[in-house]
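Data first, discussion second: the structure below is written as structure tokens.
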Amino acid sequence: MSKRTFIVFGGLVVVLAVLIPWLVFGSKGDATAGAQDVPANLKSGQELFQVNCGNCHTLYAAGTDGNYAPDLDELLAPNGPPEGDKDTIKATEGRVLNAVENGVNGDTPGRMPGGILNEEQAKEVAAFVAATAGEG
Ligand code: HEC
């Protein structure tokens, strides 16, 4: 191989080695890859969900794919996202808040534990889940 070919080829390899991962991971590349953009007031709820709930639960808007527990998009919004429907969001929010504060069959090993979050955090997570469930 001539020196010139070698340089051109080497350069190409370097470009591809940088470009391909960048294309693949560019906009994501962290543990919460695939999370959806949410309004500013739901951001902290989204982060709390990713850290505290995502290992067990799938929720499209949070970008989590836990499969230990029910998929919350399917469970809470089988007919699709609430699209701002206040009554639906409020009802879902109450259901999520109850689950987070009290757990679900939490006394049985392997079910959902209660009290993982403080009250403020639980409310933020519930608001986030209620507003976004079903987007997936
Ligand atoms: C250790 C795994 C685990 C974690 C962490 C977890 N859950 Fe769960 N969750 C479960 C399981 C298991 C169930 C199903 C319980 C059952 O049906 O007995 C469940 C059920 C639920 C339900 C359904 C309640 C209903 O009304 O049917 C909601 C809502 C929920 N979880 C929200 C959350 C949120 C929000 C978080 C984070 C704060 C969270 N979960 C963290 C395991 C988990």
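What the table shows:
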{"read-out": "So residue 75, is it near the ligand (Cβ under 9 Å from one of its atoms), assigned to a helix (DSSP H, G or I), assigned by TED's automatic domain parsing to the domain that holds residue 42 and farther than 20 Å from residue 39 by Cβ", "value": "yes"}
{"read-out": "Of all residues in region 86-136 being touching a strand residue (DSSP E or B) at 6+ places or on another chain (Cβ under 8 Å) and polar (S, T, N, Q), the one that is modelled with the lowest pLDDT", "value": "105"}
{"read-out": "When residues of region 49-68 are limited to those that are open to solvent by 30 Å² or more (accessible area, probe 1.4 Å) and not in a strand (DSSP E or B), the one farthest from the ligand (Cβ to nearest atom)", "value": "60"}
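The rows are residues; the columns are (1) more than 9 Å from the ligand (Cβ to nearest atom); (2) open to solvent by 30 Å² or more (accessible area, probe 1.4 Å); (3) of a type in the set (Lys, Arg); (4) in contact (Cβ under 8 Å) with a residue 40 or more places away in the chain.
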position: 83; (1), (2), (3), (4): yes, yes, no, no
position: 94; (1), (2), (3), (4): yes, yes, no, no
position: 97; (1), (2), (3), (4): no, yes, no, no
position: 101; (1), (2), (3), (4): yes, yes, no, no
position: 107; (1), (2), (3), (4): yes, yes, no, no
position: 113; (1), (2), (3), (4): no, yes, no, no
position: 117; (1), (2), (3), (4): no, no, no, yes
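The values are calculated or read from the model by the stated rules, or taken from the named source; none is laboratory data. Treat the numbers as computed from the prediction; the structure is a model and nothing was measured. Note that we place each Cβ from the backbone using ideal geometry, even for glycine, and neighbour counts take in every protein chain shown. Calculation scope for accessible area: heavy atoms of the full protein, side chains included, ligands and nucleic acids excluded. Shrake-Rupley method; radii C 1.70, N 1.55, O 1.52, S 1.80 Å.
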